[in-house]
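Right, one structure below, let's go through it.
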Amino acid sequence: MSIDWRYPERVSTTLPGLVRGATFDDFLFAPQFSVLARRDPRAIDLRCAFTQHLELKRPLVSANMDTVTRSAMAIAMAEEGGIGVIDRGFRSGEIAPQVREVELVKRHQHGVIRTPYTIAADAPLAVAAERMHATGVGTLVVTGSDGRVAGLLTTRDLRFATVEGAVVASRMTPRDRLILHTGPLDSADAARQMAARKVKKLPLVDTDGRLLGLVTAKDLLKHAAHPFATRDSEGRLRVGAAIGATGDYLERAAELIRAGADVIVIDIAHGHSVVMDRAIAAFRARFGDVDLVAGNVATAEGTRFLIDRGVNAVKVGIGPGGGCTTRLNTNFGVPQVQALVACREAAAGVVPLIADGGVKRDGALVQALLFGGDTVMLGSALAGTAETPGDIVQKRVVIPESSRAVQVPFKVFRGMASLQAIVDRLDVEDADAADVEALGAEGMEISVPARGSVRPVLGDMLRHLCSAISYGGEASLADLRHRFRENPSRYVIRLSEAARRESFDR
Ligand code: XMP
């Protein structure tokens, strides 16, 4: 059963006034009578809508930034029940690297692999080894020119093999020693058959022996290990991909969709613009009803503008981001809570909102979700984790108390409109210095301490969100959002400067 995010809007007339000029650290919520015995994310319903068509079990989205989301982050986000959006921070005209990141996510786990990688029996073993390396896939189905299955070749078959001069047929497990299934099969039936017949790979064939698909025990185990994962109808992880609104954006979108991206995000700094108008029209004309998110906006007018043009979700946030200097440099922007309330009024019941930026502590998550977001996009909160792209650099840090110097591992986090990110995206060989200076950076680059995997970070966020639902007196995220929207003044406390210090200065 899908969740009801289109709840009727009964915005209190007091809320827009209360939040004007305000953001996360301006508020606390008053605790309510708790109805939850356990605050366990495995037991509490956190379902939410990412777009009109795409539901998530957890409301967390990793930002399309080149120091946050590539395939490793997108895989972790989707396995934990959220979704990642692969950034477009590759050089203009370089579409293949972004497509590859999408493919890595889509191929990470399957129910039934519909188009397994194949190889011919007479192909050199060196070619098979190279294909395994390039695709990161450890099993190749050996097929004839007619598509009939001739055998299976796995990494184990190549271990200790002399690759030079040998062909696939010499090392593969031939068809007569394989267990095959004739006809289509769903993953649950496949799991039963594979357990009963004690096989780790089950090729599916038609009645003529032609390859229909492949099921692997590894995939089935991954499904069991991640019960909240965001998957498509074929059991693959879902992933989003960002494009711009000019240049190669349509060609990029075509390739990303072909690679299996589940949702495309047209992401530009100012989404309420003539550039966006043209981009959405061209996107819809070419790709029909492919799931489309657009942004960013921070006003009711901006939200209505995007909804009128037929987007499936709106990304909200002008300037709250951790790596962002838009407000400093241009003085334009809207405090994020004010933006969320205004955009929610314009969007409720039509499209979901993605609250993008400004979440610096876990307590802000529930605010982003109650004030207006259906999901929350995170950048700096995930920075420095092992799944973010980029190398670790050791830096010398002096401990003030002892004046002792230690080496601390750091990773780079930067705004997508920082000069460094822009220059990396340009073909600098062709850009003269004047062009680079004229770019008008609206972001900055900082070093953040490198930490371990993002998964415990997400786990803490979800536990804190569940605790917030308990304090809020409801049993699920959707229920708390309904109750909050019905009567926000029962929750919302606007803080004095002293109360803000008492709450958040530690
Ligand atoms: P957090 O606060 O989670 O925000 O780091 C992530 C969001 O920040 C936005 N972003 C930028 N905004 N200049 C901007 O004005 C930039 O260089 C920049 N880079 C990222 C973006 O919306 C992201 O999701």
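The values are calculated or read from the model by the stated rules, or taken from the named source; none is laboratory data. Just so it is clear, the model here is predicted, and its values are computed rather than measured. Neighbour counts run over all protein chains shown; Cβ positions are idealised from the backbone, glycine included.
Couple of notes before you dig in:
- Scanning region 237-254 for residues that are surrounded by fewer than 23 Cβ atoms within 10 Å (Cβ to Cβ) and on the phi < 0 side of the Ramachandran plot returns Gly244, Ala245, Thr246, Asp248, Tyr249, Leu250, Glu251, Ala254.
- Residue, nearest to the chain's Cα centre (by Cα), within region 310-349, restricted to residues that are without any contact (Cβ under 8 Å) to a residue 60 or more places away in the chain and in a loop (DSSP other than H, G, I, E, B): Val311
- Pick from region 1-44, criterion in contact with a strand residue (DSSP E or B) (Cβ under 8 Å, 6 or more places away or on another chain) and at pLDDT below 90, ranking: nearest to Ala348 (Cα to Cα): Trp5
- Scan of region 310-334 for residues that are surrounded by fewer than 20 Cβ atoms within 10 Å (Cβ to Cβ) and away from the ligand (no atom under 13 Å from the Cβ), ordered by number: Gly310
- Only one of the listed residues (Ala74, Ala78) is small (Gly, Ala, Ser), crowded, with 24+ Cβ neighbours inside 10 Å, in contact (Cβ under 8 Å) with a residue 12 or more places away in the chain and in contact with a Gly (Cβ under 6 Å, 6 or more places away or on another chain). That residue is Ala74.
- Count of region 385-414 residues, restricted to those that are within 16 Å of the ligand (Cβ to nearest atom) and either touching a helix residue (DSSP H, G or I) at 6+ places or on another chain (Cβ under 7 Å) or without any contact (Cβ under 8 Å) to a residue 60 or more places away in the chain (or both), is 5.
- In region 87-105, the qualifying residues are those that are in contact with a Gly (Cβ under 7 Å, 6 or more places away or on another chain) and buried (at least 21 other Cβ atoms within 10 Å of the Cβ), and the one that is nearest to Ala72 (Cα to Cα) is Val102.
- If you go through region 415-441 and keep only what is assigned to a helix (DSSP H, G or I), modelled with pLDDT under 65 and either surrounded by 14 or more Cβ atoms within 10 Å (Cβ to Cβ) or within 14 Å of the ligand (Cβ to nearest atom) (or both), you end up with just Val436.
- Here Gly384, Gly373 are screened, and the one residue that is of a type outside the set (Lys, Arg), more than 24 Å from Val297 (Cα to Cα) and assigned by TED's automatic domain parsing to the domain that holds Val85 is Gly384.
- Residue in region 193-205 that is closer than 30 Å to Ser145 by Cβ, more than 16 Å from the ligand (Cβ to nearest atom) and in the same structural domain as Lys315 (by TED's automatic domain parsing) present: no
- Residue satisfying all of: in region 341-370; over 17 Å from Val297 (Cα atoms) and small (Gly, Ala, Ser); farthest from the ligand (Cβ to nearest atom) among these: Gly349
- Enumeration of residues in region 59-75 that are away from the ligand (no atom under 16 Å from the Cβ) and in contact with a strand residue (DSSP E or B) (Cβ under 8 Å, 6 or more places away or on another chain): Ser71, Ile75
Conditions (1) outside any strand (DSSP E or B); (2) within 23 Å of the chain's Cα centre (by Cα); (3) modelled with pLDDT of 95 or more, marked per residue:
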| site | (1), (2), (3) |
| --- | --- |
| Asp219 | yes, yes, no |
| Glu234 | yes, yes, no |
| Leu250 | yes, yes, yes |
| Ala279 | yes, yes, yes |
| Arg284 | yes, yes, yes |
| Asp289 | yes, yes, yes |
| Glu301 | yes, no, yes |
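- For region 150-173, the criterion of a residue being assigned to a loop (DSSP other than H, G, I, E, B), surrounded by 16 or more Cβ atoms within 10 Å (Cβ to Cβ) and more than 35 Å from the chain's Cα centre (by Cα) is satisfied by at least one position.
- Residue in region 56-72 that is part of a helix (DSSP H, G or I) and in contact with an Asp or Glu (Cβ under 7 Å, 6 or more places away or on another chain) present: yes
- Yes/no for Gly373 being within 11 Å of the ligand (Cβ to nearest atom) and within 22 Å of the chain's Cα centre (by Cα): no
- Test result for Gly379, small (Gly, Ala, Ser), surrounded by fewer than 22 Cβ atoms within 10 Å (Cβ to Cβ) and either within 27 Å of Ala72 (Cβ to Cβ) or within 15 Å of the ligand (Cβ to nearest atom) (or both): no
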